[in-house]
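Working notes for the structure below.
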Amino acid sequence: MDIRTVGIVGAGQMGNGIAHVFALAGYDVLMTDISQDGLTKAVQLIDHNIERQVSRGRVTAEAKAAAMARIRTTLKLADLGPSDLIIEAATERETVKQAIFEDLLPHLKPETILTSNTSSISITRLASRTDRPEKFMGFHFMNPVPVMQLVELIRGIATDEPTYRALLGVVEKLGKTAASSEDFPAFIVNRILMPMINEAVYTLYEGVGSVKSIDEALKLGANHPMGPLELADFIGLDTCLAIMNVLHEGLADSKYRPCPLLTKYVEAGWLGRKTQRGFYDYRGEAPVPTR
């Protein structure tokens, strides 16, 4: 299958990053969101981020101009219908994703491939609510998309081989590396990463260490570039909690029980960097631990 046009649902952190890498790789991109302000900010951010790549000599000014010219936006979900590939990158709530796919279905070409950038939700279940489960896959990019090299490809129980091969080719054209995962809760990366973050929160909750000592221990003791609590703030504590809940409910194992302290931070609206407070307070010149 020759994929040339890509529709992206959602202009947030993941959506604009996905649009960025696809436009640079030569794909025509149409991005939609529920707000014009969100779309305008996304395009401005993509422009800013590619300009940083130009300043570092990684992208030419000509390539940047061509990439920006390939990005269009719309407030109408139906406008994405003629796309060869659609990537849903909306909020990590299954009801929201199902509603998006249901609204898209009447407008799609028969050969359009549907994908979700979900980090944990069942691909088989999402696909079953569409008219093309064989042409549906999980297409999970890592954050920040322009920097991270990995893309998880997740096949649902009905996904056919041509669809998988087509997306494998797309990942290669993007200059990234694919890791193929079976459709089990949280797939590969988050199945391993989120319990580590959750355990770090338990370590804080039980008073074993402070925010600073836990993060320094993992950075220096395990050679991690970022401590687990700092990473949780970067990802978003609400996202971490949502994935832990998917693991806990989907695998029915008490070892995936979300730490009560993680739940408490989310209830407080302290979601990390995006709200200026999480395990660190980001409102000053330098981040300050909140515990």
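Just so you know, all these numbers are worked out from the coordinates, no wet-lab data involved. Note that the coordinates shown come from a computational prediction; the quantities given were computed from them, not determined experimentally. Positions of Cβ are generated from backbone atoms using ideal geometry, with glycine treated the same way; all protein chains shown enter the neighbour counts.
Which one, His48, Gln276, Gly236, projects farthest toward the positive side of the charge dipole computed for the chain from Cβ point charges (K/R +1, D/E -1)?
His48
Based on the inverse mean of 1/r over its pairs of different Cα atoms, what is the Kirkwood hydrodynamic radius of segment 190-289, in Å?
13.5
Please compute the modelled spin-label separation between Ala179 and Met142, points set 7 Å along Cα→Cβ, answer in nm with one decimal.
Distance between the two pseudo-spin positions: 0.7 nm.
Please give the Cα centre distance for segment 232-291 versus segment 11-74, rounded to the nearest Å.
29
Using only Cα atoms, tell me the angle between helix 13-24 and the longest principal axis of the chain; keep it within 0 to 90° and round to the nearest 10.
40
Using a Gaussian network model on the chain with a 10 Å cutoff between Cα atoms, which of Ser116, Ser83, Ser128 fluctuates the most?
Greatest mean-square fluctuation among the candidates belongs to Ser128.
Stretched out fully, how many nm does the piece from Leu105 to Arg257 gain, at 0.36 nm a residue minus the Cα gap?
Contour length minus the Cα-Cα distance gives 51.1 nm.
Quick one: length gained pulling Tyr282 to Phe234 fully straight, 0.36 nm per residue minus the C-alpha distance?
16.2 nm
At R0 = 45 Å, how high is the FRET efficiency between Ser35 and Val208 if r is their beta carbon distance? Nearest 0.05 is fine.
0.60
Please compute the volume of the convex hull spanned by the alpha-carbon atoms of segment 79-149 and report it per residue in Å³.
98
Obtain the nm distance between the two label points defined at Met226 and Asp2 by a simple spin-label model: each point lies 7 Å from its Cα along the Cα-to-C-beta direction.
Label at Met226, label at Asp2, 4.0 nm between them.
Based on other C-beta atoms within 10 Å, arrange Met68, Met31 from fewest to most.
Going from least to most buried by this count: Met68, Met31.
Could you work out which residue, out of Thr124, Thr40, Thr239, moves most in a Gaussian network model of the chain, that is, has the largest mean-square fluctuation with Cα springs under 10 Å?
Checking each option, the largest mean-square fluctuation is seen for Thr40.
Round to the nearest 10 and give me the degree value, 0 to 90, for the angle of helix 211-221's Cα axis relative to the longest principal axis of the chain.
Its long axis makes an angle of about 70 degrees.
Would you compute, from DSSP H runs of 4+ residues alone, the mean residue ellipticity of the chain at 222 nm, taking -39500 (n - 2.57) per run and dividing by the full residue count, rounded to the nearest 500?
-14000 deg cm²/dmol
What is the gain in length, in nm to one decimal, between Lys76 and Met196 on full extension, counting 0.36 nm per residue of separation less the C-alpha to C-alpha distance?
Fully extending the segment from Lys76 to Met196 adds 39.2 nm.
For segment 5-181, what relative contact order do you get, as a whole percent, if you take Cα pairs closer than 8 Å and at least 6 residues apart?
The normalised contact order for segment 5-181 reaches 20 percent.
DSSP loop (so not H, G, I, E, B), at most 16 other Cβ within 10 Å: list which GluC sites (Glu not before Pro) in segment 131-184 pass both filters.
Qualifying residues, ordered by number: Glu182.
Of Asn245, Asn117, Asn223, which has the largest mean-square fluctuation in a 10 Å C-alpha GNM of the chain?
Asn223
Between 0 and 90 degrees, rounded to the nearest ten: what's the tilt of helix 237-251 against the longest Cα principal axis of the chain?
Compared with the principal axis, the helix lies near 80 degrees.
Once you place label points 7 Å from the Cα toward the Cβ at Arg125 and Ser55, how far apart are they in nm?
Once both label points are built, they end up 4.4 nm from each other.
Relative contact order for segment 190-289 using alpha-carbon pairs under 8 Å, separation at least 6, rounded to a whole percent?
26
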